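Below: the structure, in structure tokens.
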Amino acid sequence: KAIEIIFPSGDVTPNDDGVNDFLVFQNLEKYPNNELFIVKAVGGKIIYQTTNYQNNWGCESQDVGKYV
């Protein structure tokens with residue numbers, strides 16, 4: 001049976017208030033061999049990539065903007 005990964009629906013706001021401080025996908029722990037690429041929507045530059053993502057990216061050093 002496939003397990004659904006639930007994508008975040010809101011913004012990541014890394015201001016240490018405990019709300020949306022990290023990019024979090026529900027059920028991601030079921031896919032330990034995952035790969036994550038975050039790309040700036042304008043220009044297509046990869047700004048973050050990792051394998052076995054652990055819901056721990058907090059947009060460090062990134063400008064406010066749209067990422068895909």
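The values are calculated or read from the model by the stated rules, or taken from the named source; none is laboratory data. Nothing here was measured: the structure is a model prediction, and the numbers come from that model. Note: ideal-geometry Cβ built from the backbone for every residue, glycine included; neighbour counts use all protein chains shown. For the accessible areas, the whole protein counts, side chains as well, though only heavy atoms, and no ligand, DNA or RNA atoms are used. Shrake-Rupley method; radii C 1.70, N 1.55, O 1.52, S 1.80 Å.
Worth pointing out:
- Phi-based couplings in Hz for the stretch 44-54 (Karplus 6.51, -1.76, 1.60; Gly and Pro marked x): x, 6, 6, 10, 7, 8, 6, 10, 6, 4, 10
- Cβ charges +1 (Lys, Arg) and -1 (Asp, Glu), total dipole of the chain, debye: 360
- Paramagnetic label zone (point 7 Å from Cα along Cα-to-C-beta, Tyr31; backbone N under 18 Å) in the stretch 44-66: 48-57
- Surface accessible to a 1.4 Å probe, per residue, for the residues of the chain, Å²: 78
- With every protein chain in place and a 1.4 angstrom probe, the accessible-area ranking of Asp17, Asp11, largest first, reads Asp11, Asp17.
- Residue order for Glu29, Glu60 - accessible surface, 1.4 angstrom probe, largest first: Glu29, Glu60
- The share of accessible area on the chain that comes from carbon and sulfur is 51 percent, using a 1.4 angstrom probe.
- The value of relative contact order for the chain, using C-alpha pairs under 8 Å at least six residues apart, is 30 percent.
- Cα point-scatterer Debye curve for the chain, base-10 log of I(q)/I(0) at q = 0.23, 0.25 Å⁻¹: -1.13, -1.27
- Only one residue of Ser61, Val42, Thr13 has its Cα farthest out toward the positive end of the dipole of the chain, where Lys and Arg carry +1 and Asp and Glu -1 on Cβ, and that residue is Val42.
- Counting 0.36 nm for each residue step from Val42 to Ile6 and taking away their Cα separation leaves a gain of 10.5 nm.
- Long-range HN-HN contacts of Tyr67 with modeled amide H, under 5 Å: Ala41
- Straight Cα distances below 17 angstrom link Lys66 to the aspartates and glutamates Asp11, Asp21, with same-chain residues fewer than 8 positions distant left out.
- Note that the stretch 25-39 has calculated 3J(HN,Hα) couplings of 10, 6, 6, 5, 4, 6, 10, x, 9, 5, 10, 10, 10, 10, 10 Hz, one per residue in order, obtained from phi through the Karplus relation 6.51 cos²θ - 1.76 cosθ + 1.60 (θ = phi - 60°); glycine and proline are x.
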